[in-house]
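Have a look at the structure below, then the notes.
The values are calculated or read from the model by the stated rules, or taken from the named source; none is laboratory data. These figures come from a predicted structure and were not determined experimentally. Every residue, glycine among them, receives a Cβ derived from its backbone with ideal geometry; neighbour counts consider all protein chains shown. The area values use the complete protein model at the heavy-atom level, side chains included, leaving out ligands, DNA and RNA. Shrake-Rupley method; radii C 1.70, N 1.55, O 1.52, S 1.80 Å.
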Amino acid sequence: MLNTYDFPEFAYVQSEEQKTGNPVRHTVIVVGAGPVGLTAALDFAAQGLNVVVLDDNNTVSVGSRAVCYAKRPLEIWDRLGVGARMIDKGVGWKLGRVFLRDEEVYTFDLLPEDGHKIPAFINLQQYYLEEYMVEACEKSPHIDLRWKHKVVSLHQHDDHVELAVETPDGIFTMEAGWLLACDGANSDVRRMVGAEFTGQFFQDRFLIADIVMKADFPTERWFWFDPDFHRGQSALLHKQSDDVWRLDFQLGWDSDPEVEKRPENIIPRVKAMIGDDVEFELEWASVYQFACRRIDQFRHGRVLFAGDAAHQVSPFGARGANTGVQDIDNLSWKLAAVVKGDAPLALLDTYHGERAYAADDNLLNSTRSTDFITPKNGASKRFRNAVLSLAKTAPFARPLVNSGRLSTPTPYLDSPLNTPDDGEWNGKMRPGTCAADAPISVDGRPGWFLDLLTGGFALLALGVAAEPVDAGAFSPKLIALGTDFDDPDGLVSTRYDAGGGALYLIRPDQHVAARWRNFDAEAVKAAISRATAGAIR
Amino acid sequence: MSLTFEPNIESPDDFYELLTDAQRDLSDEDANDMNARLVLILANQVGSLADLKMAIEAAK
Ligand SMILES: Cc1cc2nc3c(=O)[nH]c(=O)nc-3n(C[C@H](O)[C@H](O)[C@H](O)COP(=O)(O)OP(=O)(O)OC[C@H]3O[C@@H](n4cnc5c(N)ncnc54)[C@H](O)[C@@H]3O)c2cc1C
């Protein structure tokens, strides 16, 4: 199969509980060791929770799947200790070109802002991502990865979930206080709890091929509408690591996936795109139909949903894994607080509130991109082509060109966990927004602002005299400019609008919960109470 | 709201002639393509989303 990558085979081990037939009550079970389930395991472990991960397979993601990872998920992976490896192995890029026929109509530059630890985007094959996370999970004393464990049925009780799990040794029973379903777009667990999963299927098919080639195409995202080598459809070319390239050909609804998948039909398409004289090898190809769908509720009793099991988007915009990882960022501290008895169940319901809102934003963006690429009728197609033909010469048409709006985090601006602003503020750090990074120094050594925000709540004092606040299990770590860190480039002050002094309450998932110009311990406590759904009084 | 339904075209007959003349020799297909471009160019001139929404409603 792949000739640049050897698929690891993880060992199946029969568990003690299966051998003895005595179910153990686990704190949390995660179903699915894809990018989202593995991230969940690492984040739960970081919160001090013991977690068992069940996966019906025994290797990493096979085939052509996720390629592009955005800054925010990379920041989350960095917090979990796996980001640096991904960034090292991945390919950085920031330029995208859009062509109509063989003419360039539009170039976009992601224009990453300077002064962030993590790049705007990297490209990396999904199997590397998963491999690195599996290795990190194996090192954690809190994580028990169980391969060849397929969940076949479940039953909900008031205080736990009972599962039937199938392994090579037969079916046995497991129990968990909480179950997190990360079992992908065709989630069995979702079916087992009877949840709705509705949205839109697109009447189109795409051939996705990964090829190995040593060619001097630049590391840019190239997207063609109606290219001469593939008339009437669209196509995409994007570099991954190890000289593997992702190719994507729109096929149309009438195409036959079985026929299109044959190498003798794929190879001529690839040659038409990259040129007859370029040597390449086909690594993997498959034909996809895309959909944009969301689950009705992210929590069904003691079963929670995250990643593709909760929302499926078309890949234009690279939002699938990127947004799934952010589900976990949002969920893990809330679940840990509820499991430890520190916060009421109401906190967990804000997981649905905030992440369903983000999912809807992602679905909207992906649907719009897909509608542009796959117009629904003749009139839409006419407008699409009009946009493209104008874009060459008229700058106004370029922002209308939509070959995928790349994933950025959705701020939870209306979340009930936010304390609304009082007074005038500039810049982006409104409550509900994820905290911006900036270069800092600690004891004269250079560092990054986000690295200060680990663990629980933080109280960031920028030119405001603040004192420690006692909020029980949620007592924030006080981080004061001038005491705990310095801001040599002034970027923390600029990004956090701290000219006149500023105090920020930042959640464990690095989102702004509240901000003030002055310190008032009671106000901070009230904001923590609000941000934890009333956990403290 | 700056979208007007009162007469605002400088010289109505001249405009209408320009428009129809431009498409006199076009097939329906080409004329429709041109109309799509024209809609976009004029939409950019209007700019405001509220006004564009009003125009789309009015044209339905
Ligand atoms: C062509 C293509 C391109 C893409 N490009 C991007 C991109 O550039 N960027 C991006 O962010 N996303 C992209 N995506 C989406 C991305 O691949 C998915 O969003 C991501 O894999 C979802 O992760 P997950 O962990 O939720 O689910 P999955 O990766 O689907 O993992 C689910 C896991 O659950 C296991 N499982 C299933 N049922 C059971 C069961 N009953 N019991 C036990 N285990 C079970 C499966 O074996 C699997 O390991 C792309 C997808 C496609 C198809």
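Some observations on this one:
- Enumeration of residues in region A:447-479 that are crowded, with 20+ Cβ neighbours inside 10 Å and in a loop (DSSP other than H, G, I, E, B): A:L453, A:F457, A:A466, A:V469, A:A471, A:P476
- Of A:A164, A:A185, A:A215, all but one fail to be assigned by TED's automatic domain parsing to the domain that holds A:D361 and touching a residue at least 24 places away in the same chain (Cβ under 8 Å); the exception is A:A185.
- Enumeration of residues in region A:126-162 that are farther than 23 Å from A:V325 by Cα and in contact with a Ser or Thr (Cβ under 7 Å, 6 or more places away or on another chain): A:K148, A:E162
- Single unsatisfied condition, A:F396 versus (1) at negative phi; (2) more than 14 Å from every other protein chain (Cβ to nearest Cβ): (2)
- Considering residues of region A:1-55 that are aromatic (F, W, Y) and at pLDDT below 95 only, the residue farthest from the ligand (Cβ to nearest atom): A:Y5
- Residues of region A:241-268 that are open to solvent by 50 Å² or more (accessible area, probe 1.4 Å) and within 16 Å of the ligand (Cβ to nearest atom): A:K261 alone.
- Conditions (1) away from the ligand (no atom under 11 Å from the Cβ); (2) farther than 22 Å from A:A41 by Cα; (3) at pLDDT 95 or above: number failed by A:N123: (1)
- Flag if A:D451 is away from every other protein chain (no Cβ under 14 Å) and in contact (Cβ under 8 Å) with a residue 12 or more places away in the chain: yes
- Filtered residues of region A:393-430 (kept if exposed (fewer than 13 other Cβ atoms within 10 Å of the Cβ) and among the polar types (S, T, N, Q)): A:T393, A:N426
- Within this structure, B:T4 passes the test of being farther than 24 Å from A:S380 by Cα and surrounded by fewer than 11 Cβ atoms within 10 Å (Cβ to Cβ).
- Selection from region A:368-392 of residues that are surrounded by fewer than 20 Cβ atoms within 10 Å (Cβ to Cβ), more than 11 Å from chain B (Cβ to nearest Cβ) and among the polar types (S, T, N, Q): A:N377
- Selection count, region A:480-494, where residues are crowded, with 20+ Cβ neighbours inside 10 Å and closer than 26 Å to A:S415 by Cβ: 1
- Scan region A:495-537 for residues that are open to solvent by 60 Å² or more (accessible area, probe 1.4 Å) and part of a loop (DSSP other than H, G, I, E, B) and the total you get is 6.
- Residue check, A:P420 without any contact (Cβ under 8 Å) to a residue 40 or more places away in the chain and away from chain B (no Cβ under 14 Å): yes
- Region A:339-352, subset open to solvent by 20 Å² or more (accessible area, probe 1.4 Å) and touching a Phe, Trp or Tyr at 6+ places or on another chain (Cβ under 8 Å), residue nearest to A:F316 (Cα to Cα): A:H352
- Pair list, Cβ under 7 Å, 6 or more apart: region A:134-160 residue more than 14 Å from A:A46 (Cα to Cα), other residue more than 15 Å from the ligand (Cβ to nearest atom) and among the polar types (S, T, N, Q): none
- Within region A:172-226, tally of residues that are buried (at least 17 other Cβ atoms within 10 Å of the Cβ), more than 30 Å from A:D296 (Cα to Cα) and among the basic types (K, R): 1
Yes/no matrix, rows are residues, columns are (1) part of a helix (DSSP H, G or I); (2) within 26 Å of A:E220 (Cβ to Cβ); (3) without any contact (Cβ under 8 Å) to a residue 40 or more places away in the chain:
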position	(1), (2), (3)
A:V387	yes, yes, yes
A:R398	yes, yes, no
A:P409	no, yes, no
A:S415	no, no, no
A:K428	no, no, no
A:S441	no, no, no
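- Residue ranges of helices (runs of 4 or more DSSP H) in chain B with at least 3 members within 19 Å of A:V387 (Cα to Cα), within 13 Å of the chain's Cα centre (by Cα) and within 11 Å of chain A (Cβ to nearest Cβ): B:28-46
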